[in-house]
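Peer 1: Starting off with a structure, shown below.
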Number of protein chains: 2
Amino acid sequence: MKVTFQIEGASPVIIACNAGDNLLELARRANVAIDAPCSGNGSCGKCRVRLVEGELESVQTRHLTDEEYAEGWRLSCYSKVLGDCTVFVPDIASAYQSRMKTADLSSPQEVVIFQECQEQLHASGIRFENPFRAVVLHLPVPSLEDTMPDNERLSWGIRDALGVERVEIPFAVMVGLAHILREENFAVCVKGRLEGDCFHCMEITGSEDTVLVGAAIDIGTTTVTMVLADLATGAILAKGSSGNGQIRYGADVINRIIQQGRPGGRKKLQDAIIKETLSPILVNLCKSAGISARSILRLSVGANTTMNHLFVGVDAASVRMEPYVPSFFSWDGLLAEDLKLPANPLAPVLIAPNIGSYVGGDITAGTLASGIWDKDEMSLFIDLGTNGEIVFGNRDFLMSCACSAGPAFEGGDISCGMRATDGAVEACVLDEATMEPSLTIVGDPDQRPVGICGSGIIDIISELFRTGIINAKGLFVREGERVKRDDHGMGRYVLAWAEESETGREISINEVDIDNFIRAKGAIFSAIDTLLKSVDMTVDVIDRVYVAGGIGSGINMKNAVNIGMFPDVELEKFHYIGNSSLSGAYAMVMSDAAAAKTAEVAANMTYLELSTYPGYMDSFVAACFLPHTDARLFPNSCRS
Amino acid sequence: MKVTFQIEGASPVIIACNAGDNLLELARRANVAIDAPCSGNGSCGKCRVRLVEGELESVQTRHLTDEEYAEGWRLSCYSKVLGDCTVFVPDIASAYQSRMKTADLSSPQEVVIFQECQEQLHASGIRFENPFRAVVLHLPVPSLEDTMPDNERLSWGIRDALGVERVEIPFAVMVGLAHILREENFAVCVKGRLEGDCFHCMEITGSEDTVLVGAAIDIGTTTVTMVLADLATGAILAKGSSGNGQIRYGADVINRIIQQGRPGGRKKLQDAIIKETLSPILVNLCKSAGISARSILRLSVGANTTMNHLFVGVDAASVRMEPYVPSFFSWDGLLAEDLKLPANPLAPVLIAPNIGSYVGGDITAGTLASGIWDKDEMSLFIDLGTNGEIVFGNRDFLMSCACSAGPAFEGGDISCGMRATDGAVEACVLDEATMEPSLTIVGDPDQRPVGICGSGIIDIISELFRTGIINAKGLFVREGERVKRDDHGMGRYVLAWAEESETGREISINEVDIDNFIRAKGAIFSAIDTLLKSVDMTVDVIDRVYVAGGIGSGINMKNAVNIGMFPDVELEKFHYIGNSSLSGAYAMVMSDAAAAKTAEVAANMTYLELSTYPGYMDSFVAACFLPHTDARLFPNSCRS
């Protein structure tokens, strides 16, 4: 018995199987990428494939309309093979794209925010200096009177040029030294790292190529973002992002940890991030910057604890099992060659240190970028990603915790979710009387809507709540033209009719979307609440709130407070700081002082493990309402 | 058109070709190992294959008897393909074996000599200490109250056990740390290197496996010899040797350098030494010692300059081209993983430093082992290998030079040459009147002769000369029952008739053998002569002569003087010191002080490049007689 996967834009893959085999499992075995954020438990509805030939035993579920089911669409996680069959698999790359977060410096606003962050760090006294140097040498050509061997000749030239005592020439450079010296007639450029009185060579090129490159990488559970920077000037040479290729092993860290624990799983998950995700981006960015990958002399990574473990290929099992002891917090001496990254093999890979199982390097790097470690005032730092992380404190102390928010803020759990690019509904106001929406759409004035991005979702839910269309539980309680119900009675609000949208499909938000979102925002708020309680404080003490992550600069803080996602403090206290993990990673790759400061911040940060913290679950349950079961916490919410 | 190679003991290989293609070239292209010490110039006669089917255009040459030619034996270097054909290729491994030198510690005498060397170094004040340590740890098991991550837990344990400040855990150890800690319930052994206040972890195992291993390797042009030693006690855990797999690319360094310069050549030559030669020996020795290759924490290599370049994969072209500038003399920071050697990937590979294009690490390591750097008396150190190297001096100065002796001392250029194992003629006396030989044969009293080893060849030539059977040019000048001539008039002396020998083939030495040997001994003597002249000294000043290399402990120094190979000094001044390159390498792997002393010896040694030294060629020509054209230099020679 066999299944043929017809993959969009790729060659078909055939795999032998037995009757009753699960289709998603088969796809994974055959290395066929199917988008499965929920890792196959039927809840996300993203793993759809279309049956072309043969038969599958397959439950329809609420994720597929009758029409879609009739067209052959099936959820692969809910399908069993009955006999030979052929299924069409949509291109997963597009699926990734549709869930991509916005803080990848693709918009001018993000670039401005990013640069303000760096200036802030300068202002805080962080010196943007690193030890990488390019030395152009014109060495004497050997003769019978001057028979110094190649390596001593090179060392002599470098010592003379830099005034160092010692020169270290590594294997990779030594092996090609005889050739390049003679090819370039002993006029070369040596790139490397200055450490005390020693220069460590890393690359030798012709005398024209003197560029020194750093790569700063934010590895999110859902999205990966990267910039290449000139290590001498700080200029951004190239930037880019893509979905995290591990997504087919589950949308959240828990599912990824389970998958990496299976036989061969660690290698698969590591390949998914390094070979399938980071390497292609690095290669593309090098191409667009017109540099050789070997010129990348340092990399820095901001990633959560699980992503860090999967990135380096270390067993992450203990991250999710009591007593929640990860294999490492910080890691010294990691090199690009250890991970087979397309960069100079000897390039150090700086990992922003983790401080707990669920507060990782993305948060320590982000905390660096936020600057809260340098301020007297009490700051709350909120990173909205697939996990939500909270840091609270000032220059005297820093507390942190994490909660699992799920992919809602990145559009993952929302049926019409998308990134904040052309066609995204990024803001929304509803008329209380008519219930008619007034949408702000990214793009040209005549752009039709395609889907809803993170900030749009917050607005819609806030407005639905304000206008009494949904109740505190997120259920539809007003009837009207735009409120529809399916056969199972599930309500939805239609933002754009099929004929008004770009795609010809209705743009709407349903009760499942709203429920997913409420649980996500409840997780965030209860984490903040618990963290404050743990130090016997209340929201009154908060001087500033820094919001980071992929939700985008268009986030309406008033609406976020309105629905009980953020604490009810004065709106002018809120600041959106973009992808702070990437900002922090950039600072680390550019500046030794920034890297050292990140380590210091991490060492001084206290980690609160919410999953074993008394009272957290109660707080979470209480927060899964609009705005909260205890409305006194939100005096300024529209419905309080 | 195609050629099928039927390889003894292996699967056949078929290669497409054109009419007129050279058979040896085709074999190399097809990666078929054919023994070709002279690299295909027709002089050695070792590249014989047997034509099974089809036709070859092939010159018979003096290397094949009529009978052999009739049986289908052909020299592959002298054969052109005319059409489809099949040839039988003898197993090259046996060919290597037959040319293997003796100084591989396989005989008890060699072991005694080896150990005396080490004791001598102790006596010279070299402390046998190294920084490798095994630490057994019983770490506390993590709990909710003790959530230190794995790497910090391990570091803490090591700092506590060793009293060091810092611990470095490399990637290879980190990646498996989570697993092994839990598998061994946090009771483990960590092996690594102590450097100042820092312990560099290299391997983590169960708490029972505490062995620390060093590998000392002598890479000769013809033969490779290795010992595994316990780094804590110095005990030899295993020892072994084999032919250098590069032999099919030429018997001497010049031919190897030419071959490595061809497209893909560097990789082929490196693979031949690392993949095909060293790796199998290392794996076998580990097996026989009952250890894991990952327990090998340091390696040391004594090898000539060319072998060192080919070993590390660095272009050796400049070694043989004016101005004779090698790519390196010494090399710091080389690791086993750089060369993909089966050992701990982080094991440092110590290369005994080269001091010139033709005086390499085998000589600096050998000089260390000889102890001449510690003596007041004037010593001459002679290493007899494929190249002959000479060092002269004492604690105040050291001079050195090299000459190309060819493989004669290792049996390579001698038709009945073999190693000093069972059946080898190791000594010989001739009756001047009857010309009958009296042979000493290695093995049981009733062992029949198989061939002639290095010391036997010296004896035979010396005796043929003493008894007037050959003249000063090495030509047969007496007739007798044992002196035969072939159709071309070439004379030979029969040591054992076909029916007396173990193989059923006659054991003899012919004029070509003698001529090869005279050129080899002439090269050695003229190098000694030139070196002494360069410092305005004569043989009278020599207090001691240390003879090292593969020729074996049975060497008769009197006979070696008799034929003008060694200078005519009192016989009690001669000392055979075995494989001094291996002895030196062993000292280096065991002792940091020995490694440092080798570097010091190398730094203080002056190199004389004979190929450009005025007068050397004249001296060589003059030495290509028995004993010498100037007989006054050999007052004690039998014929003077």
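Peer 1: So A:Q270 ticks every box in (1) within 11 Å of another protein chain (Cβ to nearest Cβ); (2) within 25 Å of A:M605 (Cβ to Cβ); (3) buried (at least 19 other Cβ atoms within 10 Å of the Cβ) but one. Which box is left unticked?
Peer 2: (2)
Peer 1: Within region A:337-361, how many residues turn out to be closer than 14 Å to A:N308 by Cβ and part of a loop (DSSP other than H, G, I, E, B)?
Peer 2: The number of residues fulfilling the criteria is 9.
Peer 1: Return the only residue of A:G176, A:G206, A:G214, A:G157 being more than 10 Å from every other protein chain (Cβ to nearest Cβ) and surrounded by fewer than 19 Cβ atoms within 10 Å (Cβ to Cβ). Talk me through it step by step, then tell me what you get.
Peer 2: Details: A:G176 fails: more than 10 Å from every other protein chain (Cβ to nearest Cβ); A:G214 fails: surrounded by fewer than 19 Cβ atoms within 10 Å (Cβ to Cβ); A:G157 fails: surrounded by fewer than 19 Cβ atoms within 10 Å (Cβ to Cβ).
That would be A:G206, the only listed residue that is more than 10 Å from every other protein chain (Cβ to nearest Cβ) and surrounded by fewer than 19 Cβ atoms within 10 Å (Cβ to Cβ).
Listed here are the residues, each with its yes/no results for (1) touching a residue at least 24 places away in the same chain (Cβ under 8 Å); (2) surrounded by 21 or more Cβ atoms within 10 Å (Cβ to Cβ); (3) not in a helix (DSSP H, G or I).
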position: B:I113; (1), (2), (3): yes, yes, no
position: B:E119; (1), (2), (3): no, no, no
position: B:H122; (1), (2), (3): no, no, no
position: B:I126; (1), (2), (3): yes, yes, yes
position: B:N130; (1), (2), (3): yes, yes, yes
position: B:P140; (1), (2), (3): yes, no, yes
position: B:R153; (1), (2), (3): yes, yes, no
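Peer 1: Hey, among A:A293, A:A336, which residue is of a type in the set (A, V, I, L, M, F, W, C) and closer than 26 Å to A:S580 by Cβ?
Peer 2: Matching residue, one of A:A293, A:A336: A:A336.
Peer 1: Filtering region B:327-337 down to residues that are of a type outside the set (F, W, Y) and more than 15 Å from B:R266 (Cα to Cα), which residue is farthest from the other protein chains (Cβ to nearest Cβ)?
Peer 2: B:A336
Peer 1: Next up: Assuming B:T386 fulfils every condition listed in (1) within 10 Å of chain A (Cβ to nearest Cβ); (2) in contact (Cβ under 8 Å) with a residue 60 or more places away in the chain apart from one, which condition is it?
Peer 2: Evaluating B:T386 over (1) within 10 Å of chain A (Cβ to nearest Cβ); (2) in contact (Cβ under 8 Å) with a residue 60 or more places away in the chain leaves (1) as the failure.
Peer 1: Here's something else I'd like to know. So for region B:280-288 (the condition being in contact with a Cys (Cβ under 9 Å, 6 or more places away or on another chain), farther than 22 Å from B:T364 by Cα and at pLDDT 95 or above), does at least one residue qualify?
Peer 2: No, there is no match, as no residue in region B:280-288 is in contact with a Cys (Cβ under 9 Å, 6 or more places away or on another chain), farther than 22 Å from B:T364 by Cα and at pLDDT 95 or above.
To keep it simple, each residue is scored yes or no on (1) crowded, with 24+ Cβ neighbours inside 10 Å; (2) closer than 25 Å to B:K46 by Cα; (3) free of Cβ contacts under 8 Å to residues at least 60 places away in the same chain.
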position: B:G454; (1), (2), (3): yes, yes, no
position: B:W497; (1), (2), (3): no, yes, yes
position: B:K533; (1), (2), (3): no, no, no
position: B:V547; (1), (2), (3): no, no, no
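Peer 1: Would you check which residues across region B:538-562 are part of a loop (DSSP other than H, G, I, E, B) and modelled with pLDDT under 95 and list them?
Peer 2: B:T538, B:G550, B:I551, B:G552, B:S553, B:G554, B:I555, B:N556
Peer 1: Only one of B:V477, B:V494, B:V450 is of a type in the set (A, V, I, L, M) and over 32 Å from the mean Cα position of the chain (by Cα). Can you tell me which?
Peer 2: B:V477
Peer 1: Now a separate question. Quick check: is even one residue across region A:329-336 more than 21 Å from A:S357 (Cα to Cα) and either part of a helix (DSSP H, G or I) or in contact with a Lys or Arg (Cβ under 6 Å, 6 or more places away or on another chain) (or both)?
Peer 2: Here is the first cut: in region A:329-336, the ones more than 21 Å from A:S357 (Cα to Cα) are A:333, A:335-336.
Of the ones still in play, those that are also either part of a helix (DSSP H, G or I) or in contact with a Lys or Arg (Cβ under 6 Å, 6 or more places away or on another chain) (or both) are A:336.
Scanning region A:329-336 turns up at least one residue that is more than 21 Å from A:S357 (Cα to Cα) and either part of a helix (DSSP H, G or I) or in contact with a Lys or Arg (Cβ under 6 Å, 6 or more places away or on another chain) (or both).
Peer 1: Has region B:293-300 got at least one residue that is part of a helix (DSSP H, G or I), surrounded by fewer than 24 Cβ atoms within 10 Å (Cβ to Cβ), over 20 Å from the mean Cα position of the chain (by Cα) and at pLDDT 95 or above?
Peer 2: Yes.
Peer 1: Somewhere in region A:369-379, is a residue among the aliphatic types (A, V, I, L, M), part of a loop (DSSP other than H, G, I, E, B) and touching a helix residue (DSSP H, G or I) at 6+ places or on another chain (Cβ under 7 Å)?
Peer 2: Yes, region A:369-379 contains at least one residue that is among the aliphatic types (A, V, I, L, M), part of a loop (DSSP other than H, G, I, E, B) and touching a helix residue (DSSP H, G or I) at 6+ places or on another chain (Cβ under 7 Å).
Peer 1: Considering each of B:V190, B:V164 in turn, give the residue that is within 38 Å of the chain's Cα centre (by Cα) and either facing chain A (nearest Cβ under 10 Å) or modelled with pLDDT of 95 or more (or both).
Peer 2: Only one candidate passes the filter, namely B:V190.
Peer 1: Still on this model: What is the number of the single condition among (1) buried (at least 24 other Cβ atoms within 10 Å of the Cβ); (2) within 14 Å of another protein chain (Cβ to nearest Cβ); (3) modelled with pLDDT of 95 or more that A:F381 does not meet?
Peer 2: So the condition that A:F381 fails would be (2).
Peer 1: Okay, moving on. Considering each residue of region B:301-326, count those that are buried (at least 21 other Cβ atoms within 10 Å of the Cβ), outside any helix (DSSP H, G or I) and either at positive phi or away from chain A (no Cβ under 14 Å) (or both), and give that number. If you could, list the steps in order and put the result at the bottom.
Peer 2: Within region B:301-326, the first condition is being buried (at least 21 other Cβ atoms within 10 Å of the Cβ), and the residues that meet it are B:301-316, B:318-319, B:325-326.
When the remaining residues are screened for being outside any helix (DSSP H, G or I), the result is B:301-304, B:313-316, B:325-326.
Those left that are additionally either at positive phi or away from chain A (no Cβ under 14 Å) (or both): B:301-304, B:313.
Selection size over region B:301-326: 5.
Peer 1: Still on this structure, I have one more. What number of residues within region A:171-198 satisfy the criterion of being outside any helix (DSSP H, G or I) and in contact with an Asp or Glu (Cβ under 7 Å, 6 or more places away or on another chain)?
Peer 2: The number of residues fulfilling the criteria is 4.
Peer 1: So, in region A:1-54, of the ones that are within 29 Å of the chain's Cα centre (by Cα) and of a type in the set (V, I, T), which residue ends up modelled with the highest pLDDT?
Peer 2: If we take residues in region A:1-54 being within 29 Å of the chain's Cα centre (by Cα) and of a type in the set (V, I, T), then A:V49 is modelled with the highest pLDDT.
Peer 1: Ok, one more. What are the residues in region A:593-625 that are of a type in the set (D, E, K, R) and closer than 17 Å to A:C117 by Cα, if any?
Peer 2: Across region A:593-625, the qualifying residue is only A:K597.
Peer 1: Give the residue that is farthest from A:V135 (Cα to Cα), with candidates limited to residues of region A:201-228 that are touching an Asp or Glu at 6+ places or on another chain (Cβ under 6 Å) and in contact (Cβ under 8 Å) with a residue 60 or more places away in the chain.
Peer 2: A:T222
Peer 1: Next up: Within region B:423-439, how many residues are surrounded by 15 or more Cβ atoms within 10 Å (Cβ to Cβ) and either part of a loop (DSSP other than H, G, I, E, B) or touching a residue at least 60 places away in the same chain (Cβ under 8 Å) (or both)? Walk me through how you get there before you give the answer.
Peer 2: Keep residues of region B:423-439 that are surrounded by 15 or more Cβ atoms within 10 Å (Cβ to Cβ), which gives B:423-430, B:435, B:437, B:439.
Still in the running and either part of a loop (DSSP other than H, G, I, E, B) or touching a residue at least 60 places away in the same chain (Cβ under 8 Å) (or both): B:423, B:425-428, B:435.
Number satisfying all stated conditions: 6.
The values are calculated or read from the model by the stated rules, or taken from the named source; none is laboratory data. Since the structure is predicted, the reported quantities are computational estimates derived from the model, not experimental observations. Because the Cβ atoms are built from the backbone with ideal geometry, glycine has one as well, and the counts that use them run over all protein chains shown.
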